[in-house]
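The values are calculated or read from the model by the stated rules, or taken from the named source; none is laboratory data. Given the structure is predicted, the values throughout are model-derived calculations rather than measurements. Quick reminder, even Gly has a Cβ in these numbers, built from the backbone with ideal geometry, and neighbours come from all protein chains shown. Just so you know, the surface numbers come from the protein's heavy atoms only, side chains and all, with ligands and any DNA or RNA stripped out. Shrake-Rupley method; radii C 1.70, N 1.55, O 1.52, S 1.80 Å.
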Amino acid sequence: MYQAWNLILATAEPTPISAETGGESGGIDLLLPAPEELIAGIIAFAIIFLVVWKFALPAFKKTLEGRQDAIKGELAAAEQAKQEAASLLDDYRAQVAGAKDEAAQIVAAAREAGDAVKADIVTRAEAEAQAIKARANEEVAADRARVADELKRQVADLSINVAERVVGSSIDADQQRVLVDRYIDELGGVQ
Amino acid sequence: MELILASGECDYVNEVICAPANVNELFEFRQPIWTILGFPITRTVFLILAIAVIVSALLFFGLRKKSVIPSKFQALVESLVSFVKDGIAIDIIGPEGVKYVPWLMSVFLFVLVGNMYEVTPGVNFPVTSRMALPVMLAAISWIVFVIAGIKRQGFRYFLGIVWPSSVPVALRPLVGLIEFFSILFIRPLTLAVRLFANMVAGHLMLTLLLVSGWVFISNVGEIGLKAGIGIAWFIMALGIFVFEIVVIALQAYIFTLLSAVYVQTSLYPEH
């Protein structure tokens, strides 16, 4: 007949049916611990216990401590970096504030310099204008004097001519001129 | 390698499922493969000893590097350790639970790997379905929680069990008797039987379904359409397979968790 149970699994030979079970199904055998299995179990459990106790848990603890230290270190480094960044920020802020003050001072100084230059230019312009004006006045006065002299001379000449025509040439020309000038001067003094 | 599950014959022409004449055949591999100093190394013994090798290798390769940024494997092993330490020992027992981590960790990994054999291709036999292992583990749990109780409370530990001060005086003898048997006998017994029965049931279901599936399908020439039953058994086996993976992890967790709970009740009986 066909061996139905020749299938998967075991490397062992088929179990000899024990005398107690006599080939009947189930039985107390299943509930009774086999001594060799019990001994093997105790040995295996003892080995596992030793490995867990002496190696696995200390290694696990060490790993966790290493991880804890690494995290602490990272946190400390991050905190330090944060403080450095804050310090840098303060420095930059101070520098920016200083730069602003400096810029304001520069602007104020420039403004003052500009004002000074402006005032100087205005002063100089005014002085120059005054000088020009004075020069113009002088020129006007000179022109006036020159014109007056010219006018006086022409009037004298004209008067002499007129007098000569009236009285003939009895009077010397130079004397006549002197007389006319005096007269004009007197007229000028009367005015 | 001769693939033999157990001896027996299947009447696939008249039956719809192949059941062994003796269920022990699915669990008992008592024939020694080797004998070392008179000690028989049977298939089951070999698998039990292999648990120690597998767990040791898992822990060694998972935890040896101690990397700050763990690999996936290291993270997996660390999460297992952390699960037992924080999720069971400290959560259930409290800060004192740290002392019990080596034992709880060993129990969890031992049971987990022993159970995992059930769904391991080529093995397909949970060694925890052999009564020796649940009994041994339950006995260790019993020793640990009784010693924890005695160390914490001295003789009052037993007095607290047989004469519980939290119940009315009139009920104390009865409750004390129940508690006495419950704590000192039923607890280890249920611990062992729960694991044993779950693994036996899982192994029975899987082997019966897989063997039946195989037998019916491979004899399609002789039985014709009836071979379709084999396909149904295979599909069902697939579902049970997934279910058993959950049971395997759950039973390892429950065994460890209850062991921790028993220690906790020994340390803090007032809770």
(message) From the list B:LEU184, B:LEU133, B:LEU171, B:LEU177, exactly one residue is part of a helix (DSSP H, G or I), hydrophobic (A, V, I, L, M, F, W, C) and more than 30 Å from A:LEU31 (Cα to Cα). Which is it?
(response) B:LEU171
(request) Only one of these is of a type outside the set (Val, Ile, Thr), surrounded by 10 or more Cβ atoms within 10 Å (Cβ to Cβ) and modelled with pLDDT under 90: A:GLN83, A:GLN105, A:GLN95, A:GLN154. Name it. (result) A:GLN154
(message) Quick check on region B:158-165. Is at least one of its residues out of contact with any Asp or Glu (no Cβ under 8 Å at 6 or more places or on another chain), away from every other protein chain (no Cβ under 14 Å), surrounded by 15 or more Cβ atoms within 10 Å (Cβ to Cβ) and free of Cβ contacts under 8 Å to residues at least 12 places away in the same chain?
(response) yes
(request) Determine, yes or no, whether A:LEU32 is open to solvent by 80 Å² or more (accessible area, probe 1.4 Å) and at pLDDT 50 or above. (result) yes
(request) Select from region B:122-142 the residues that are within 12 Å of another protein chain (Cβ to nearest Cβ), open to solvent by 20 Å² or more (accessible area, probe 1.4 Å) and closer than 24 Å to B:ARG194 by Cα and write down the one among them that is nearest to the chain's Cα centre (by Cα). (result) B:VAL135
(request) Quick one: count up the residues across region B:50-70 that are of a type in the set (Ser, Thr, Tyr) and in a helix (DSSP H, G or I). (result) 1
(request) Test A:ASP29 against the criterion of being among the acidic types (Asp, Glu), without any contact (Cβ under 8 Å) to a residue 60 or more places away in the chain and more than 7 Å from chain B (Cβ to nearest Cβ), and give yes or no. (result) no
(message) Could you tell me how many of the residues in region B:32-87 are of a type in the set (S, T, N, Q), open to solvent by 10 Å² or more (accessible area, probe 1.4 Å) and farther than 25 Å from B:ALA260 by Cβ?
(response) 3
(request) Residue by residue through region B:95-108, note down the ones that are farther than 18 Å from B:VAL246 by Cβ and either facing chain A (nearest Cβ under 10 Å) or buried (at least 24 other Cβ atoms within 10 Å of the Cβ) (or both). (result) B:VAL98, B:TYR100, B:VAL101, B:PRO102, B:TRP103, B:LEU104, B:MET105, B:SER106, B:VAL107
(request) Starting from region B:41-54, keep only residues that are more than 8 Å from every other protein chain (Cβ to nearest Cβ), then list their pairs with residues that are of a type outside the set (Phe, Trp, Tyr) and buried (at least 23 other Cβ atoms within 10 Å of the Cβ) whose Cβ atoms are within a distance under 7 Å, requiring at least 6 positions of separation or different chains. (result) B:LEU47/B:VAL127; B:ILE54/B:VAL113
(request) Consider A:ALA141 carefully, then state whether it is modelled with pLDDT of 80 or more, open to solvent by less than 80 Å² (accessible area, probe 1.4 Å) and of a type in the set (Gly, Ala, Ser). (result) yes
(message) Looking only at residues that are open to solvent by 70 Å² or more (accessible area, probe 1.4 Å) and not hydrophobic (A, V, I, L, M, F, W, C) in region B:166-182, which one is modelled with the lowest pLDDT?
(response) B:SER166
